[in-house]
Amino acid sequence: MSQSLSHPALSAADPELAALVGAEEQLQADTLRLIPSENYVSAAVLEATGTVLQNKYSEGYAGRRYYEGQQNIDQVETLAVERAKAVFGVEHANVQPYSGSPANLAAYLAFAEPGDTVLGMALPMGGHLTHGWGVSATGTWFRGVQYGVRPDSALIDFDEVRDLARKERPKIIFCGGTAVPRTIDFAAFGEIAREVDAVLVADIAHIAGLIAGGAHPSPVPHADVISTTTHKTLRGPRGAMLMSRASHAKAVDKAVFPGLQGGPHNHTTAAIAVALREAAAPSFRDYAHAVVANAKALAEALLARGYDLVSGGTDNHLVLIDLTSKEVPGKVAAKALDRAGIVVNYNTVPFDPRKPFDPSGIRIGTPSLTSRGLGTDRMPLVAEWIDRSVQAAAKGDEDALTVIRGEVAELMAAYPAPGLPTA
Ligand SMILES: *Cc1c(COP(=O)(O)O)cnc(C)c1O
């Protein structure tokens, strides 16, 4: 069995858990993973997360810790910080946030008081929960005001953003999102933020890898603070970073520790450093551009098959399909695709008439398949599989889904995934 070969100690100590890990490895190897926030990390990143750095407590920052024994840890964190500054061209980087949501919370802590107004993109329009949406702490402890997209183009309505900013005078403006298939105009947001004296936080969680690889414009110098996860297109471990101008460094650092967190996860910091080294290599530029080329090719192939895409296509790694005209709810389609070995998530589309737990769309993306080396020549086949699965879902044709699942597994076997044990 592959799991006993790749994880001998785990298999001996806890066969039950080892079997689950082995099954997950098999699932990630056999399926076509289209969730745009997911990826495959390299074996090197994976190894870094499993090191003895796990064993250390290091509250504070390099050179000013509350614990002794930091001879190596300080250097690990400094490497990660310096690489982040170089890759993104920023003056300051904090690599300690545990994940994207706490990173955003730290930005609130640094630049707003409870009850203050913040302006962010509405969740059903493509924004993130932590941009002031009601069910999130950010929408209950702060006064979240939300902008959206234009009904005709599904593009951000900058007239609305400017009007809301002038009227509401937010302390913080968030830009970026989780279901935005188009380029974020950081310059336009920066201009509005400066006019109303708000702090602009560019949340680049989804597109950090594209920015690092030059396949999406950078928020530098328009944003005051840049928040990102490290595990999406950046292809690092689960974690996050806050980057800023030097003038905001103190506020950002103080908010992360001691404001919000205790000890940093040093094994994660190490893996972030490894991922940033990979992101600085010329091959990562090729990767980022290939992610976008694949998404555009996939969008074209879906349009040719009569699918409606939010905003009509994509500029980045993500495609949002509105299934209304296909008369298949997003959740039904997503579950059928899963049975066909194609992993997506159901998603609201802007102005969705259906409920968030049963919306009209599915969200797909190309970071993972690009990490496995699939190119634009394969995107018509991916679109065909999606189309056949959606049609099978409409007809309740389970046999068709089983056939597709076999075809998917066969193709994926020809594109071994980074980080996974080879059979
Ligand atoms: C994924 C994401 C986050 C949150 O990251 P977690 O690590 O899941 O907490 C925040 N903002 C945006 C835009 C995201 O896409």
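The values are calculated or read from the model by the stated rules, or taken from the named source; none is laboratory data. Everything numeric in this text was worked out from a predicted model, so none of it was measured. Virtual Cβ from ideal backbone geometry, glycine too; neighbours counted across all protein chains shown.
Points worth noting:
- Tallying residues that are closer than 16 Å to I204 by Cβ and over 21 Å from the mean Cα position of the chain (by Cα) within region 90-143 yields 1.
- Scanning region 38-65 for residues that are within 30 Å of A299 (Cα to Cα) and surrounded by 20 or more Cβ atoms within 10 Å (Cβ to Cβ) gives N39, Y40, V41.
- For beta carbons closer than 6 Å, sequence separation of 6+ or different chains, a first residue in region 78-101 that is on the phi > 0 side of the Ramachandran plot and a second that is away from the ligand (no atom under 16 Å from the Cβ), the qualifying pairs are G89/V220.
- Among the residues of region 201-214, the ones that are away from the ligand (no atom under 11 Å from the Cβ), crowded, with 24+ Cβ neighbours inside 10 Å and not β-branched (V, I, T) come to 4 in all.
- Enumeration of residues in region 27-45 that are touching a Leu at 6+ places or on another chain (Cβ under 9 Å) and in a helix (DSSP H, G or I): Q28, A29, A43
- Selection count, region 317-359, where residues are over 19 Å from the mean Cα position of the chain (by Cα), over 25 Å from L401 (Cα atoms) and surrounded by 16 or more Cβ atoms within 10 Å (Cβ to Cβ): 3
- Note on region 307-340: residues that are part of a helix (DSSP H, G or I) and at positive phi total 2.
- Answer from L303, L298 - the residue that is of a type in the set (A, V, I, L, M, F, W, C), buried (at least 22 other Cβ atoms within 10 Å of the Cβ) and at pLDDT 95 or above: L298
- In region 193-206, the residues that are over 13 Å from S101 (Cα atoms) and of a type in the set (G, A, S) form Cβ pairs under 7 Å with partners that are within 16 Å of the ligand (Cβ to nearest atom) and assigned to a loop (DSSP other than H, G, I, E, B), at six or more places apart or across chains, as follows: A202/G176; A202/P219; A202/A223.
- For Y307: the one exception among (1) in contact with a strand residue (DSSP E or B) (Cβ under 7 Å, 6 or more places away or on another chain); (2) within 17 Å of V180 (Cα to Cα): (2)
- Residue check, S227 surrounded by 24 or more Cβ atoms within 10 Å (Cβ to Cβ), within 13 Å of the ligand (Cβ to nearest atom) and modelled with pLDDT of 95 or more: yes
- The residue pairs whose first member lies in region 400-416 and is under 17 Å from G373 (Cα atoms), whose second member is at pLDDT below 95 and of a type in the set (D, E), and whose beta carbons are closer than 8 Å, counting only pairs six or more residues apart or on different chains, do not exist in this structure.
- Within region 90-115, the residues that satisfy the criterion of being within 16 Å of the ligand (Cβ to nearest atom) and either more than 21 Å from P264 (Cα to Cα) or among the aromatic types (F, W, Y) (or both) are Y98, Y108.
- When V118, V76 are checked against the criterion of being part of a strand (DSSP E or B), more than 10 Å from the ligand (Cβ to nearest atom), touching a Ser or Thr at 6+ places or on another chain (Cβ under 8 Å) and among the hydrophobic types (A, V, I, L, M, F, W, C), a single residue qualifies: V118.
- Checking T314 against (1) of a type outside the set (A, V, I, L, M); (2) buried (at least 22 other Cβ atoms within 10 Å of the Cβ); (3) farther than 22 Å from P217 by Cβ, the condition it does not meet: (3)
Condition check ((1) surrounded by fewer than 16 Cβ atoms within 10 Å (Cβ to Cβ); (2) within 19 Å of T130 (Cα to Cα)) across all residues:
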site: R162; (1), (2): no, no
site: R166; (1), (2): yes, no
site: K171; (1), (2): no, yes
site: C175; (1), (2): no, yes
site: A179; (1), (2): no, yes
site: R182; (1), (2): no, no
site: A193; (1), (2): no, yes
site: V199; (1), (2): no, yes
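- The single residue among R238, R245 that is within 16 Å of the ligand (Cβ to nearest atom) and surrounded by fewer than 22 Cβ atoms within 10 Å (Cβ to Cβ) turns out to be R238.
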